[in-house]
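The values are calculated or read from the model by the stated rules, or taken from the named source; none is laboratory data. Predicted model, so just to flag it, every value in this text is computed and none were measured. Counting neighbours? That spans all protein chains shown, and the Cβs are built from the backbone with ideal geometry, glycine included. To get the accessible areas, we keep the full protein, side chains included, count just its heavy atoms, and leave off ligands, DNA and RNA. Shrake-Rupley method; radii C 1.70, N 1.55, O 1.52, S 1.80 Å.
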Amino acid sequence: MNSYIPTSLEEALKILFEHDCYILAGGTDLMVQNHRSSGLLPTFKKDVLFTSQIEGLDYIKVINNELHIGANTKYISMIESKFVPTMLKNVFVEIASPSIRNMATLTGNINNASPAADGTVPLILLDARLVLQSKDNKREISVDDYLIGFKKTDRKPNEMVTEIIVPLTDHKYLWRKVGSRKAESISKVTFLGAYKTSNNKISDFRIALGCVSIKPVRSKQVESKYIGLTIDELKNKKDEIVNDYNQLIEPVTDQRSNKEYKRKVAINLLKSFIDSIK
Amino acid sequence: MKIKFNLNKKDVIVDVDPSMRLLDVLRNVLHLTGTKEGCGEGSCGACSVLVDNMPYDSCLTPVINVMNKQVMTIEGIRESKEYETIANSFAKMGGSQCGFCTPGMIIVTYALLMKNPNPSEEEIRLALSGNICRCTGYQAIVNAVKDASKGGKHE
């Protein structure tokens, strides 16, 4: 395997145009997945492009009420940023451990495309988008469309994610991560529910669930059924909402927990979110 | 590939594969064995080092990611006056038993106290949350960090 260490985005895109590479930022997933015994070099099955020396991809800024996050931005920078909304910070501070939050990027979390990723749950809830660039092209795609399956994304080999764009909102929300311990735990179930009210009516209603399908589950079609109801009407439809999400989620048994447990917990979190609406 | 970084306040150049783990560069190339390998997958914190004053798991860090950065290992921390306070507090409060996690625990304690000299118990537990100890049950380590935060003059 060859290592490529570009210092500019232009150089990186030229390398990706010529070579099919793993794109390694913090390394906190790829260095584990390709790890061998102590003292041996990791074994990557493809060439590796290291992003750490690329200038100009580590930034957080707000443009037209949208958060723009450069692809090389670490979790710790977002947690400490005055621009990043509390909803995102509350998710990020529960990811992995302090040291991994110092090393890892949200871009990496998205591209690893694990069904148990925490970072993609708020991005899908907030209709976040990605900017992908290749040598000759630049495109935007929603995070929801970008994640196409278990560990699969819509990235073409000559592309890289250069920016994450998150619309800023003032939803009230409930975030819960269920894991076996507070730090270092890969989630069993994650839940993020958000809503807005206006004149005692539900003016927006969004739900995203992690770990219960190949990617975070969100259905705008289901959500739209409940927008416009009064708060009491929504609460009276709790059984119907539970039924809707029971049909949408497809948890599987894995080493962390079994599918019955995940379903039960996901639905309980959904119920407590509905109860919390006021 | 020749990679330059600052290690324990001195510039070093290593000629290694850029994907080599920082942990292996420290232990096998530079023969600094204070940094330990526990799990090798970022779950235990035994390999903690500071990169630009922030705790990193050196087992997950390809050495290219510290090029031109400042790396501090337990050997570098040991030269500081803060180390003496922290080490004494760990000894006094029973914060070290078998000792394997201790270099990592001291690294994250040092980083915490540099940033936040008077941490609450919750802040201490959060700062240590990526470091596993299989001996002490953590309370003795938390007590040691509290003691160190009071300059070792507590109790």
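So the values come out like this:
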| quantity | calculated |
| --- | --- |
| Rg/Rh ratio calculated on Cα atoms of segment A:172-276 (Kirkwood radius) | 0.99 |
| Shielding by partners, peptide B:64-72 (average Cβ within 10 angstrom, other chains) | 3 |
| Acute angle (nearest 10 degrees) that the helix B:139-149 long axis makes with the longest principal axis of chain B, alpha-carbon atoms | 90 degrees |
| Average projection area in nm² (convex hull over Cα atoms of segment B:1-75, one quarter of hull surface) | 4.1 nm² |
| Gained length - A:Thr7 relative to A:Ser203, 0.36 nm times residue gap less alpha-carbon distance | 65.9 nm |
| Radius 13 Å from Cβ of B:Ala127, net charge of other residues (Lys, Arg +1; Asp, Glu -1) | +2 |
| Occluded residues from segment A:94-109, i.e. those whose accessible area drops by 20 Å² or more once the chain is not alone (1.4 Å probe) | A:Pro98, A:Ser99, A:Ile100, A:Asn102, A:Met103 |
| Pairwise burial A:B, computed as accessible area of each alone minus the pair, summed, 1.4 Å, Å² | 2400 Å² |
| C-alpha long axis of helix B:102-115 to longest principal axis of chain B, angle in ° | 80 degrees |
| Sparsely packed chymotrypsin sites (Phe, Trp or Tyr not before Pro) within segment A:132-174, loop by DSSP, other Cβ within 10 Å at most 13 | A:Phe150 |
| Built amide H within the under 5 Å cut-off of A:Val189, gap 5+ | A:Val178 |
| Linear extension gain, A:Ser38 paired with A:Asp127, 0.36 nm per residue minus alpha-carbon span | 27.9 nm |
| Heavy-atom accessible area per residue - segment B:2-76, 1.4 Å, Å² | 37 Å² |
| Farthest positive-ward along segment A:3-167 dipole, Cα basis, beta-carbon charges - from A:Ser38, A:Gln53, A:Ile15 | A:Ser38 |
| Rh by Kirkwood over Cα pairs, then Stokes-Einstein D for segment A:1-109 at 1.002 mPa s and 20 °C, µm²/s | 141 µm²/s |
| Within straight-line cross-link reach of A:Lys46, lysines at Cα separation under 21 Å, skipping those fewer than 8 residues along the same chain | A:Lys14, A:Lys135, A:Lys151, A:Lys152, A:Lys156 |
| Accessible area per residue in Å² at 1.4 Å probe, computed on segment A:172-276 | 50 Å² |
| Within the protein assembly as shown: Cβ-based charge dipole about Cα centre, in debye rounded to nearest 20 (Lys, Arg +1; Asp, Glu -1) | 860 debye |
| Whole-Hz ³J(HN,Hα) from phi, Karplus 6.51 cos²θ - 1.76 cosθ + 1.60, for segment A:110-119, glycine and proline x | 5, 6, 5, 6, 7, x, 9, 4, 7, x |
| Rg(Cα)/(2.2 N^0.38 Å) for chain A, N = residue count | 1.04 |
| Whole-Å semi-axes of the ellipsoid equivalent to segment B:71-155 (Cα gyration tensor, √5λ, descending) | 16, 15, 13 |
| Sites B:Glu84 and A:Ile63 - FRET efficiency at Förster radius 30 Å, r taken between beta-carbons, to 0.05 | 0.05 |
| Whole-Å distance, taken between Cα centres, linking segment A:168-193 and segment B:1-74 | 32 Å |
| The protein assembly as shown - percent of accessible surface contributed by carbon and sulfur, probe 1.4 Å | 48 percent |
